[in-house]
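The structure under discussion appears below in the form of structure tokens.
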């Protein structure tokens, strides 16, 4: 009996050590745990939006925009366009998930709501980390824009009126793609040739993103989360040594040619300072910026991705303000 107990304790100790080593030597264990939690929350949010989806929205699902198996997109538009060739201002939305989770399916209901307001709305899937690393999602979203331009007539896309949008990590990707379309030096630094011209890009809608990695708070639990995410996204534990790491802080590469932007974030979001800094920097460059920010004492406090809760007054206000911005494009 004693031998069996010692053997069991030895096995347990080995498993504990192996688990500890796995968390220290690879971002995968932590990233997968975060992904599971994020996907659960996103699914719950999506289900809550189902009752807000209007009738009369058609879709083209899982269009392959590139050879990569992750490169799929969904297109939503008013059903009245089904038997014609009319094209609408096209919102290309990049989903969030901290670059390590998420999918176009999780935001599909929200995109259908936007489409029901008279737009063609596209949800883009891209490769998430740690499986694929930076700047793969930028290349993929750029390829998606090229595909939408090629297939514009069939998909009711007005390729002269694109609006790039995104939430959380997707807002960061959308801001970067908008900037590489707008700033040739930035595109060259990334090694990505823009697939559309700057006149085609009419605006950006950016919710709850991070735009300056040098100023992200790395203390406490949020800091531990961010270190895992950055290790995953850049493919190395010393993520700051990645040769393109500086380009991820898009706030440092903005020019007056960045498209008009609508920027919003909740008051209890740890990334709130990032959205405020982006808005201030763009305004200082002379870019037209519309914002929806909330005072620190707003109650109930508005957490990360608050905009997807259309059962709240704040979520409905965010949608209203987004639609106002789109109407002006």
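Any read-out appearing in this document is the output of simple, stated calculations on the displayed coordinates, not a laboratory observation. Just so it is clear, the model here is predicted, and its values are computed rather than measured. In this analysis, Cβ positions are derived from the backbone assuming ideal geometry, glycine residues included, and neighbour counts consider all displayed protein chains.
What fraction of the DSSP beta bridges in the chain is antiparallel, stated in percent and rounded to the nearest 5?
Working: 10 of 36 bridges.
Antiparallel bridges make up about 30 percent of those DSSP assigns within the chain.
How many angstrom separate the Cα center of the stretch 40-95 from the Cα center of the stretch 111-138?
Between the Cα centre of the stretch 40-95 and that of the stretch 111-138, the gap is 10 Å.
Is any residue of the stretch 111-145 close enough, with backbone N under 12 Å, to a label point placed 7 angstrom from the Cα of residue 80 along the Cα-Cβ axis, and if so, which?
Only 116-119 pass the distance filter.
Using Cβ counts within 10 Å as a stand-in for footprinting exposure, how do 280, 82 rank, fewest first? Walk me through the numbers before you get to the answer.
On the way: 280 13, 82 10.
Taking fewest neighbouring Cβ atoms as first place, the list is 82, 280.
Translational diffusion coefficient of the stretch 37-171 at 25 °C, 0.890 mPa s, Stokes-Einstein with Kirkwood Rh over Cα pairs, in µm²/s as a whole number. Walk me through the numbers before you get to the answer.
Values: Rh = 14.9 Å.
Once the numbers are plugged in, D ends up at 165 µm²/s.
Using only the alpha-carbon atoms, how far is helix 169-182 inclined from the longest principal axis of the chain? Give it as 0 to 90 degrees, nearest 10.
The angle comes out at about 50 degrees.
What is the Cα centroid distance between the stretch 254-329 and the stretch 160-203, reported in whole angstrom?
Between the Cα centres of the stretch 254-329 and the stretch 160-203 lies a distance of 18 Å.
Using the number of other C-beta atoms within 10 angstrom as an exposure proxy, rank 172, 242 with the fewest first.
By the 10 Å Cβ count, ascending, the order reads 242, 172.
Grab the DSSP H runs of the chain that are 4 residues or longer, score each as -39,500 (n - 2.57), total them, divide by all residues and round the 222 nm result to the nearest 500 deg cm²/dmol.
Working: 11 runs with 141 residues, N = 329.
-13500 deg cm²/dmol, from helical runs alone.
Work out, step by step, the length gained on full extension between residue 67 and residue 293: first 0.36 nm times the residue separation, then minus their alpha carbon distance; give nm to one decimal. Provide the component values of the computation, followed by the final result.
On the way: separation 226, 0.36 × 226 = 81.36 nm, distance 3.95 nm.
Between residue 67 and residue 293, full extension yields 77.4 nm more.
Obtain the nm distance between the two label points defined at residue 36 and residue 51 by a simple spin-label model: each point lies 7 Å from its Cα along the Cα-to-C-beta direction.
Taking the simple label geometry, residue 36 and residue 51 are separated by 3.0 nm.
What's the exposure ranking of 269, 167, 297, going from fewest to most Cβ atoms within 10 Å? Don't jump to the answer; show the numbers that get you there.
Details: 269 22, 167 26, 297 7.
Going from least to most buried by this count: 297, 269, 167.
By how many nm would the segment from residue 150 to residue 277 lengthen if fully extended, with 0.36 nm per residue of separation less the alpha-carbon distance?
Working: separation 127, 0.36 × 127 = 45.72 nm, distance 3.58 nm.
In short, 42.1 nm is gained.
Binning at 20 angstrom from zero up to the longest distance, how are the C-alpha pair distances of the chain distributed in percent?
Histogramming the chain at 20 Å steps yields 32, 56, 10, 2 percent.
How far is helix 28-49 tilted, in degrees, relative to the longest principal axis of the Cα atoms in the chain, given as a value from 0 to 90 rounded to the nearest 10?
In the chain, helix 28-49 runs at an angle near 40 degrees to the longest axis.
Is the shape of the stretch 99-189 best called rounded, prolate or oblate, per the rule: a/c under 1.5 gives rounded, else a/b larger than b/c gives prolate, else oblate, with a ≥ b ≥ c the square roots of the Cα gyration tensor eigenvalues?
On the way: a/c = 1.86, a/b = 1.20, b/c = 1.54.
Since a/c reaches 1.5 but b/c is at least a/b, the shape of the stretch 99-189 is classed as oblate.
Is the C-alpha gyration tensor of the stretch 80-122 telling us rounded, prolate or oblate? Criteria: a/c under 1.5 is rounded; beyond that, a/b larger than b/c is prolate, otherwise oblate.
prolate
On C-alpha positions alone, give me the angle between the axis of helix 272-284 and the longest principal axis of the chain, in degrees, nearest 10.
So the inclination is approximately 40 degrees.
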